[in-house]
Amino acid sequence: MLTPVTDRAGEGAGLRELLGLLARGAPAEDFARPAAAARAAGAPAGEVAALVEAARVALEVHRTLLRHRAREAELTALFDTAGDLAALRDLDAVLRAITHRARQLLHTDVTYLSLNDEAAGDTFMRVTEGSVSAAFQQLRLGMGEGLGGLVAQTARPYATGDYQGDPRFRHTRAIDGAVAEEDLHAILGVPLRLGARVIGVLFAADRRPRAFSAREVALLSSLADHAAIAIDGARLLEETRRALAELNAASRTIQENSDALRRAEEAHDRLTGLVLRGGDVTEVAAAIGTLLDGGTLIHDADGVELARVRAHSPAPPAAAVAASRGSGRAVPREGSWVCAVLAGPELLGSVTLTGRADLDDAGRRLFERAATVTALLLLLRRQVAETEDRIRGELLGDLLSPSADPAGLAVRARRLGVDLGLPHALFVLHGGGAPRPRLLAAAAHQARERGGLAGVHHDHVVLLAPSRSVGADASGLAAALGRAVGGPVTVGAARAEGSPAVLPAAHAEALRCLASLRALGREGDGGTLAELGFLGMLLGDRADLPAYVREVLGPLLDYDERRGSDLVGTLRVYFASGMSQARAKDALHVHVNTVVQRLERIGRLLGPDWQSPDRALELQLALRLHQVSGGAAPGPSAS
């Protein structure tokens with residue numbers, strides 16, 4: 001209770017009591033006591049009014065603190081841990097949920113998280129999941145010691161397949177003993193970073209030797225980013241509590257932080273909700289634009305546009321993305337903001353916010369957190385695509401195996417949305433100097449767009465896709481893949497329809513076509529054996545002879561059918577006479593001028609190069625095939 005006073009000392013005592021109530025977290029009704037006591041003691045009206053105003057501000061601070069405590073865990077939620085974190089309210093619970101999720105996602109035996117002690121100059125275990133050793137759970141690592149100490153010191157991820165025998169790390173008796181007691185071999189550690197400052201390390205470890213993939217490093221790094229956000233939220237709240245030493249300044253700070261945290265809460269709620277409902281990149285871009293009142297562009301690491309919402313700007317310059325990647329912050333560029341989308345050190349893409357040149361610090365932090373959620377969405381998309389591509393590649397390998405079961409393979413294909421009953425084409429690819437993984441990734445992208453399958457078979461990247469114009473599709477595929485890999489891609493193709501059983505033979509034909517294209521110097525082109533003329537016909541084991549004859553002699557056959565002439569017969573006799581007009585007129589029993597006229601008409605129908613060595617060879621071969629397949633004999637009435 002306040003004691004009666006008549007000077008400023010009484011007012012000061014009332015203010016101190018209000019601060020004490022705030023510090024103790026007293027019920028809201030207790031904040032009216034100082035003003036009531038002053039009024040009962042006969043204090044001046046001005047003093048009572050000041051205490052009433054102070055009590056009102058203290059109640060607002062009290063309510064703000066309650067809101068902060070209720071939202072603290074939600075603001076640091078990771079999208080795929082949102083369901084687990086929704087009911088959590090303290091930092092330790094959030095960190096335990098993150099280590100638990102890391103263990104689930106990476107399928108490791110143990111996960112743990114350490115925090116840096118700046119005063120002691122080391123890093124100590126804060127949370128473990130799956131650990132059984134008490135010594136390991138209480139371990140402290142000096143900066144630069146062991147794997148974790150090196151990560152904490154350098155702010156870079158490190159991984160080892162077998163820690164005890166890895167000479168890259170500074171081994172100590174305490175660290176090696178604890179690791180041995182826990183029986184750990186493979187260890188991955190990534191930094192917990194706030195801007196450029198490292199505050200701890202997130203680990204995943206196995207009790208058997210193994211290698212960690214780049215995908216696992218990226219995923220654990222992204223989880224570490226969210227753990228850092230949780231710790232940052234707790235730090236901000238602690239700073240707010242310390243700021244209450246001066247009531248008016250504390251009130252303004254809390255209000256500013258409250259606005260920023262409320263906006264961040266809305267961003268996380270909306271974005272994580274979208275992802276949990278299966279939202280795509282365009283929906284995430286729309287949500288970011290709505291939250292920050294601007295247009296949004298999302299690009300992948302190669303600069304390919306993934307989403308555009310209310311934005312008319314071009315793709316961000318590479319220099320802006322590099323600057324954001326280097327600083328770990330969003331950067332302004334010509335009236336827009338650009339933020340690199342990162343999973344640890346790996347660049348997944350970029351997010352551009354247009355129409356907001358005046359973005360404040362709170363908006364900038366919100367934009368950066370939106371980029372973190374975008375990183376998780378892109379990682380999830382990539383994992384799904386990689387899994388689907390692997391399954392499709394395995395199916396394609398089985399389809400090309402001569403001992404496969406066609407009926408069972410057709411059922412598996414239908415489950416993946418591939419109808420092998422449709423006309424298909426098999427394409428075998430050669431990327432020149434392009435790395436095979438890059439060519440395979442580009443082929444998988446084309447397979448997804450075309451509703452087909454892609455994979456590696458017998459050291460070649462192979463693509464199976466629906467096609468009604470195999471030659472044109474092969475040429476178009478060569479051009480598209482060449483643009484994707486940045487170099488010439490040669491595509492040998494073969495028709496494959498009717499049954500999965502024909503696919504092994506189609507693969508062999510496509511391989512021969514690829515070899516022929518390369519031997520002919522047609523690198524970067526695509527086609528079929530039929531399009532290679534007589535060479536393709538000779539190389540193919542399923543040659544379509546009537547189609548070849550029609551391809552070569554079609555203009556003459558059509559003319560003879562319309563006019564009732566026999567230019568085909570005249571041409572056969574001309575070649576049989578050694579391309580001598582005089583001998584041809586004797587064989588045809590016509591005047592030499594008639595032979596000349598017929599040859600001129602043949603030239604107009606076939607083109608001016610019809611007597612060149614290559615064309616002449618093709619024409620003679622087609623004439624012989626036409627003759628043995630029942631073509632008409634030459635007659636004197638041709639005109």
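The values are calculated or read from the model by the stated rules, or taken from the named source; none is laboratory data. For clarity, every value in this text was computed on a predicted model and none was experimentally measured. In this analysis, Cβ positions are derived from the backbone assuming ideal geometry, glycine residues included, and neighbour counts consider all displayed protein chains.
Look through the range 575-593, keep the residues that are free of Cβ contacts under 8 Å to residues at least 12 places away in the same chain and either of a type outside the set (D, E, K, R) or under 30 Å from Ala494 (Cβ atoms) (or both), and return whichever of them is surrounded by the most Cβ atoms within 10 Å (Cβ to Cβ). Can you show your working first?
In the first step, residues of the range 575-593 are kept if they are free of Cβ contacts under 8 Å to residues at least 12 places away in the same chain; the result is 576-578, 580, 582-583, 585-586, 591-593.
Next, from what is left, pick out any that are either of a type outside the set (D, E, K, R) or under 30 Å from Ala494 (Cβ atoms) (or both): 576-578, 580, 582, 591-593.
Numbers: Ala576: 15, Ser577: 17, Gly578: 8, Ser580: 13, Ala582: 9, His591: 10, Val592: 13, Asn593: 10.
Looking at the filtered set, the residue picked out is Ser577.
Exactly one of these conditions fails for Gly536: (1) of a type outside the set (D, E, K, R); (2) more than 20 Å from Glu551 (Cβ to Cβ); (3) modelled with pLDDT under 90. Give me its number.
The one condition Gly536 does not meet is (2).
For the subset of the range 594-621 comprising residues that are more than 53 Å from the chain's Cα centre (by Cα) and of a type in the set (Lys, Arg), which member is surrounded by the most Cβ atoms within 10 Å (Cβ to Cβ)?
Applying the filter and picking the extreme gives Arg598.
Condition (residue is of a type outside the set (Val, Ile, Thr), surrounded by fewer than 15 Cβ atoms within 10 Å (Cβ to Cβ) and either farther than 24 Å from Ala530 by Cα or modelled with pLDDT under 90 (or both)) applied to the range 567-574: is it met by at least one residue? Don't jump to the end; show me each part of the working.
Applying the first criterion (of a type outside the set (Val, Ile, Thr)) to the range 567-574 yields 567, 569, 571-572, 574.
From what is left, the residues that are surrounded by fewer than 15 Cβ atoms within 10 Å (Cβ to Cβ) are none.
No, the range 567-574 has no match at all.
If you take the residues of the range 201-219 that are of a type in the set (Gly, Ala, Ser) and crowded, with 16+ Cβ neighbours inside 10 Å, which of them is farthest from Asp117 (Cα to Cα)?
First pass over the range 201-219, keeping only residues of a type in the set (Gly, Ala, Ser): 204-205, 211, 213-214, 218.
In the following step, the residues that additionally are crowded, with 16+ Cβ neighbours inside 10 Å were identified as 204-205, 218.
Details: Ala204: 21, Ala205: 23, Ala218: 26 Å.
Looking at residues that are of a type in the set (Gly, Ala, Ser) and crowded, with 16+ Cβ neighbours inside 10 Å, I get Ala218.
Taking the conditions exactly as written (surrounded by 15 or more Cβ atoms within 10 Å (Cβ to Cβ), assigned to a helix (DSSP H, G or I) and at pLDDT 80 or above), does Arg308 satisfy them or not?
Numbers: surrounded by 15 or more Cβ atoms within 10 Å (Cβ to Cβ): yes; assigned to a helix (DSSP H, G or I): no; at pLDDT 80 or above: yes.
In short, no.
From the list Leu366, Leu347, Leu376, Leu342, which residue is outside the structural domain of Gly195 (by TED's automatic domain parsing), in a helix (DSSP H, G or I) and within 29 Å of Thr154 (Cβ to Cβ)? Break it down stepwise before answering.
Numbers: Leu366 fails: within 29 Å of Thr154 (Cβ to Cβ); Leu347 fails: in a helix (DSSP H, G or I); Leu342 fails: in a helix (DSSP H, G or I).
When all the criteria are applied, what remains is Leu376.
Has the range 137-144 got any residue that is without any contact (Cβ under 8 Å) to a residue 40 or more places away in the chain, touching a Leu at 6+ places or on another chain (Cβ under 6 Å), among the hydrophobic types (A, V, I, L, M, F, W, C) and buried (at least 21 other Cβ atoms within 10 Å of the Cβ)?
No, there is no match, as no residue in the range 137-144 is without any contact (Cβ under 8 Å) to a residue 40 or more places away in the chain, touching a Leu at 6+ places or on another chain (Cβ under 6 Å), among the hydrophobic types (A, V, I, L, M, F, W, C) and buried (at least 21 other Cβ atoms within 10 Å of the Cβ).
Can you work out which of the residues in the range 321-339 that are among the polar types (S, T, N, Q) and in a helix (DSSP H, G or I) is nearest to Arg193 (Cα to Cα)? It would help to see each step written out before you state the result.
Our first condition is that a residue be among the polar types (S, T, N, Q); within the range 321-339, this holds for 324, 327, 336.
Then drop every residue that is not in a helix (DSSP H, G or I), which leaves 324, 327.
Numbers: Ser324: 15, Ser327: 12 Å.
Step by step, filter the range 321-339, then rank; the result is Ser327.
Residue check: is Phe212 modelled with pLDDT of 70 or more, of a type in the set (Phe, Trp, Tyr) and part of a strand (DSSP E or B)?
Numbers: modelled with pLDDT of 70 or more: yes; of a type in the set (Phe, Trp, Tyr): yes; part of a strand (DSSP E or B): no.
Considered against the rule, which asks whether it is modelled with pLDDT of 70 or more, of a type in the set (Phe, Trp, Tyr) and part of a strand (DSSP E or B), Phe212 comes out as no.
Taking the conditions exactly as written (over 16 Å from Ala186 (Cβ atoms), in the same structural domain as Leu188 (by TED's automatic domain parsing) and touching a Phe, Trp or Tyr at 6+ places or on another chain (Cβ under 9 Å)), does Leu115 satisfy them or not? Outline the logic, then answer.
On the way: over 16 Å from Ala186 (Cβ atoms): yes; in the same structural domain as Leu188 (by TED's automatic domain parsing): yes; touching a Phe, Trp or Tyr at 6+ places or on another chain (Cβ under 9 Å): yes.
Judged against the criteria, Leu115 is a match.
Does the range 237-258 contain at least one residue that is closer than 26 Å to Leu379 by Cα, modelled with pLDDT under 85 and crowded, with 17+ Cβ neighbours inside 10 Å?
No - not one qualifying residue is present in the range 237-258.
Which ones in the range 205-226 are among the small types (Gly, Ala, Ser) and within 23 Å of the chain's Cα centre (by Cα)? Spell out the reasoning first.
Initially, the range 205-226 is screened for residues among the small types (Gly, Ala, Ser), giving 205, 211, 213-214, 218, 221-222, 224.
Those that are among the small types (Gly, Ala, Ser) and within 23 Å of the chain's Cα centre (by Cα): Ala211, Ser213, Ala214, Ala218, Ser221, Ser222, Ala224.
Considering the range 290-305 alone, what residues qualify as being within 23 Å of the chain's Cα centre (by Cα), crowded, with 20+ Cβ neighbours inside 10 Å and of a type outside the set (S, T, N, Q)? I'd like the intermediate steps shown before the answer.
Narrowing the range 290-305 to residues within 23 Å of the chain's Cα centre (by Cα): 295-305.
Next, from what is left, pick out any that are crowded, with 20+ Cβ neighbours inside 10 Å: 295-299.
Within the range 290-305, Gly295, Leu297, Ile298, His299 meet the criteria.
Exactly one condition in (1) of a type in the set (Phe, Trp, Tyr); (2) modelled with pLDDT under 90; (3) over 34 Å from the mean Cα position of the chain (by Cα) is not met by Phe79; state its number.
The single condition Phe79 does not satisfy is (3).
Show the residue pairs that are 6+ apart or on different chains and have beta-carbon atoms under 6 Å apart, the first residue being within the range 612-623 and modelled with pLDDT of 80 or more, the second being among the charged types (D, E, K, R) and in a helix (DSSP H, G or I).
Leu623/Arg572
Let me spell it out: the conditions are (1) modelled with pLDDT under 85; (2) surrounded by fewer than 23 Cβ atoms within 10 Å (Cβ to Cβ), and Leu503 meets all of them except one. Which number is the exception?
The failed condition is (2).
Can you pull out the residues in the range 482-509 that are over 13 Å from Val462 (Cβ atoms) and small (Gly, Ala, Ser)?
Scanning the range 482-509 gives Gly482, Ala484, Gly486, Gly487, Gly498, Ser499, Ala501, Ala505.
Examine the range 104-113 for a residue that is in contact with a Gly (Cβ under 6 Å, 6 or more places away or on another chain) and either surrounded by fewer than 16 Cβ atoms within 10 Å (Cβ to Cβ) or at pLDDT 90 or above (or both), and state whether such a residue exists. Let's see the steps before the verdict.
The initial filter retains those residues of the range 104-113 that are in contact with a Gly (Cβ under 6 Å, 6 or more places away or on another chain), namely 109-110.
So of that shortlist, the ones also either surrounded by fewer than 16 Cβ atoms within 10 Å (Cβ to Cβ) or at pLDDT 90 or above (or both) come out as 109-110.
Yes; the residues of the range 104-113 include at least one that is in contact with a Gly (Cβ under 6 Å, 6 or more places away or on another chain) and either surrounded by fewer than 16 Cβ atoms within 10 Å (Cβ to Cβ) or at pLDDT 90 or above (or both).
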